[in-house]
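Please treat every number below as a calculation from the coordinates, not as lab data. Since the model is a prediction, treat every value here as computed from it, not as a measurement. Positions of Cβ are backbone-derived with ideal geometry, glycine not excepted, and every protein chain shown enters the neighbour counts.
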Amino acid sequence: MSTPVPDEVPAQFQTFLAFDFGTKRTGVAVGNRLLRTATAQPTIRAEGSDARLAEAQARVKEWQPDALVVGVPFHPDGASHDNTARARKFARQLRGRCGKPVYEVDERYSTTEALASGARDPDGAAACVILEQFLRSLP
């Protein structure tokens, strides 16, 4: 006898967990498709990819989002740089370890926007900017 597969969450109720990847600090935000807003969560302060990934996995387990969003940085002209590759690797690792869809979002200027808004935690606020940008792009 097989166990029934739970119905998929209706699109308007989907929740997302976003990460503003950094080598020392990674901002985290949670939000949903219905309200299209994000709320900052405590920033992950872990150096080293294993520690950072473990903390991110713990947040995914805690929030049980439908999908993940990772901000990918680029130079102002759109060119890649070292952190572009690191953020994409982080996204691939999350996809593999958490088994959730992972969306990459161009996060140019997210930290600048967070700082301009007077955020006390610019990493968490940047994750909010990234997630809200993603949510606005959804139909």
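The table below lists the values:
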| item | result |
| --- | --- |
| Potential lengthening between D106 and F74 on full extension [0.36 nm per residue; Cα-Cα distance subtracted] | 10.8 nm |
| Projected label distance in nm at F13 and E62, using a 7 Å step from Cα toward the beta-carbon | 2.4 nm |
| Rounded to 5, percent antiparallel among DSSP beta bridges of the chain | 60 percent |
| Dipole in debye (nearest 20) - the range 85-133, about Cα centre, beta carbon charges: Lys, Arg +1; Asp, Glu -1 | 460 debye |
| Sparse-neighbourhood loop sites, chymotrypsin sites (Phe, Trp or Tyr not before Pro) in the range 1-106 - DSSP loop, at most 16 other Cβ within 10 angstrom | F74 |
| Modelled FRET efficiency - R0 30 Å, A116 with R92, Cβ distances, 0.05 increments | 0.45 |
| Net charge dipole size for the range 14-137 [Lys, Arg +1 and Asp, Glu -1 on Cβ; Debye, nearest 20] | 360 debye |
| Nearest-ten-degree value, helix 82-98 long axis tilted from longest Cα axis of the chain | 20 degrees |
| Extended-chain gain in nm, criterion 0.36 nm per residue less alpha-carbon gap, D82 and E47 | 11.0 nm |
| Neighbour-count ranking [beta-carbon atoms within 10 angstrom, fewest first] of R95, R120 | R120, R95 |
